Amino acid sequence: MPAANSLDTQDINVREMEEYRPLLHRPLRKKIIDFERDGRLKHVILATQFTRPLLEELCDLADMVRELASDPEGRRKLSKLLSHLQAMMYFTQPSTRTFLSFSAVCRLLGIGTEQVRDSAVSSESSEGVKRESRFDSIRMFSSYFDLIIMRSSIPDLAECCAYLMNELENQEFNTRNIPIINAGSGADQHPTQALLDLYTIRRTFRFADEKRTPRPQFEVLSDAYPNLTADVSNKTFAFCGDLGRGRTVRSLVELLMKFDNVSMVFISPDHPKFQLSDDLISRLRDQGVSFEEVDSLDARLDGIPVLHQIDCLYMTRIQQEHNNQEDNDFFASADMTHYHLTPERVDQMRSYAPILHPFPRDSVAGEIPTAIDGNPRAMYFHQARNGLWARAALLVHIFNADRALTQAYREHYADLHDFNRAVL
Ligand code: CP
């Protein structure tokens with residue numbers, strides 16, 4: 001009977017994950033070692049795996065990919081870098097940007113891809129009678145592919161899959177430990193989104209001359225903002241919306257903590273579920289990061305509107321998919337316009353301050369109305385495109401092709417006799 005079978009398989013899936021509970025509950029610094037090999041990332045599970053030097057390196061690689069991808073000969077060079085690899089895209093939770101950008105990146109780097117986007121059409125199906133466990137599916141993927149990029153609504157699943165792979169490596173007759181990339185897990189982590197967010201922030205604060213983003217130049221800005229520096233450090237970042245349940249916020253906060261003299265302002269409904277979670281608050285305190293929590297985009301700190309004081313605003317949607325009835329009742333009675341941008345609010349921001357959003361935005365709630373899309377501060381579509389270059393850089397790093405990329409880049413621009421185009 002299908003109902004009993006599906007219950008059995010779910011029980012097995014839960015039990016298999018339970019076996020990794022002791023590993024999941026270790027301190028971060030101990031876990032991170034398990035996700036590395038020979039000084040490189042092997043599995044990408046948690047944003048905190050990205051050290052500051054690695055972030056700088058990945059951003060530089062991303063710049064090279066970006067430049068090479070801008071003309072046909074450069075794309076031809078990129079397409080040879082990892083053409084010996086095959087990737088499995090295992091996305092059992094909906095995704096547009098992450099799925100499509102990883103697909104496009106694999107094509108760019110010559111990696112072949114296959115996909116499972118709905119476990120109902122695999123032997124893992126809970127409706128069927130095959131009763132394949134989730135971890136058996138993952139082991140099968142590792143037989144056919146060189147990389148698993150996975151998105152799941154199940155917290156910690158990607159992390160458990162990384163431990164499963166590591167176990168295989170240690171078994172005498174099973175040696176296929178292939179990289180696992182967490183492309184979004186539960187409400188917890190979205191490390192590659194944080195990487196592309198950080199890449200966007202870094203490029204924005206370089207104040208370089210960008211053809212397609214007519215943003216104010218540093219020389220002009222430094223007259224109006226004498227303390228402004230052209231880097232990620234020494235900045236105030238605001239996060240607005242559903243901060244407790246937004247995995248992109250959690251992951252980006254982890255990355256920004258690694259930069260010097262960074263401050264943060266968290267703007268969310270005054271409710272424990274939607275405010276930044278206690279574990280992250282503790283990490284901010286432990287790292288000595290200065291932060292404030294307020295309940296409106298119109299809030300003031302020391303008598304000055306928050307919007308006047310920030311260098312970057314990261315907007316998020318309310319994660320309705322996690323709502324229970326109590327949450328629905330809360331939102332029905334709360335004034336959510338406190339968390340919606342308007343052209344008037346944007347006008348209060350510093351002229352250079354980027355507005356980011358991981359997207360999708362909620363087209364009904366309207367936390368960022370389309371009227372703001374043409375504002376030079378609006379960086380969210382550039383941010384999404386940057387996902388191509390940042391994710392490509394990550395794959396190049398994992399598969400030890402950074403030297404080959406650098407060589408391809410140098411050859412290409414030597415051919416053109418135009419090193420000045422280089423942004424490194
Ligand atoms: N930002 C993001 O993860 O978007 P998707 O859910 O569409 O992949």
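The values are calculated or read from the model by the stated rules, or taken from the named source; none is laboratory data. Keep in mind it's a predicted model, so treat the numbers as computed, not measured. Neighbour counts run over all protein chains shown; Cβ positions are idealised from the backbone, glycine included. Keep in mind that these areas ignore ligands, DNA and RNA; they rest on the heavy atoms of the full protein, side chains included. Shrake-Rupley method; radii C 1.70, N 1.55, O 1.52, S 1.80 Å.
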> Among the residues of region 24-40, which ones are open to solvent by 60 Å² or more (accessible area, probe 1.4 Å) and assigned to a helix (DSSP H, G or I)?
Replying inline: R29, K30, I33
> Considering only region 258-275, how many residues are in a strand (DSSP E or B) and of a type in the set (A, V, I, L, M, F, W, C)?
Replying inline: 4
>> Which of the numbered conditions does R76 fail, given that it passes all the others? Conditions: (1) in a helix (DSSP H, G or I); (2) over 19 Å from D402 (Cα atoms).
In response: (2)
> If you go through region 332-371, how many residues are free of Cβ contacts under 8 Å to residues at least 40 places away in the same chain, over 13 Å from I310 (Cα atoms) and open to solvent by less than 70 Å² (accessible area, probe 1.4 Å)?
Replying inline: 4
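Across region 284-304, what is the total count of residues that are within 24 Å of H322 (Cα to Cα) and open to solvent by less than 70 Å² (accessible area, probe 1.4 Å)?
Total satisfying the criteria: 3.
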> Is at least one residue of region 159-174 in contact with a strand residue (DSSP E or B) (Cβ under 7 Å, 6 or more places away or on another chain), outside any helix (DSSP H, G or I) and open to solvent by 10 Å² or more (accessible area, probe 1.4 Å)?
Replying inline: no
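Is it the case, given these coordinates, that E326 is at pLDDT below 95, within 16 Å of the ligand (Cβ to nearest atom) and open to solvent by 70 Å² or more (accessible area, probe 1.4 Å)?
no
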> Has region 338-359 got any residue that is among the aliphatic types (A, V, I, L, M) and under 17 Å from L276 (Cα atoms)?
Replying inline: no
> From R97, R134, which residue is closer than 20 Å to V65 by Cα and charged (D, E, K, R)?
Replying inline: R97
> From the list S268, S263, S222, which one is more than 16 Å from the ligand (Cβ to nearest atom), free of Cβ contacts under 8 Å to residues at least 24 places away in the same chain and assigned by TED's automatic domain parsing to the domain that holds C312?
Replying inline: S222
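Just to check your reading of the model, which residue among I138, I181, I201, I149 is within 16 Å of the ligand (Cβ to nearest atom), in a helix (DSSP H, G or I) and open to solvent by less than 10 Å² (accessible area, probe 1.4 Å)?
Matching residue, one of I138, I181, I201, I149: I201.
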> Mind checking which pairs have a first residue in region 305-319 that is on the phi > 0 side of the Ramachandran plot and a second that is at pLDDT below 95 and of a type in the set (D, E, K, R), Cβ under 8 Å, 6 or more apart or different chains?
Replying inline: none
> Among all residue pairs at least 6 apart or on different chains, which show Cβ distances below 6 Å where the first residue, located in region 9-25, is at pLDDT below 95 and the second is aromatic (F, W, Y) and open to solvent by less than 20 Å² (accessible area, probe 1.4 Å)?
Replying inline: E16/F135
> Has region 308-321 got any residue that is of a type in the set (V, I, T) and away from the ligand (no atom under 16 Å from the Cβ)?
Replying inline: yes
> What is the residue count in region 76-131 for residues that are modelled with pLDDT under 95, of a type outside the set (A, V, I, L, M, F, W, C) and more than 16 Å from the ligand (Cβ to nearest atom)?
Replying inline: 10
> Taking I281, is it without any contact (Cβ under 8 Å) to a residue 24 or more places away in the chain and open to solvent by less than 20 Å² (accessible area, probe 1.4 Å)?
Replying inline: yes
>> Here is a list: A393, A401. Which entry is more than 16 Å from the ligand (Cβ to nearest atom), open to solvent by less than 20 Å² (accessible area, probe 1.4 Å), over 14 Å from the mean Cα position of the chain (by Cα) and closer than 29 Å to L82 by Cα?
In response: A401
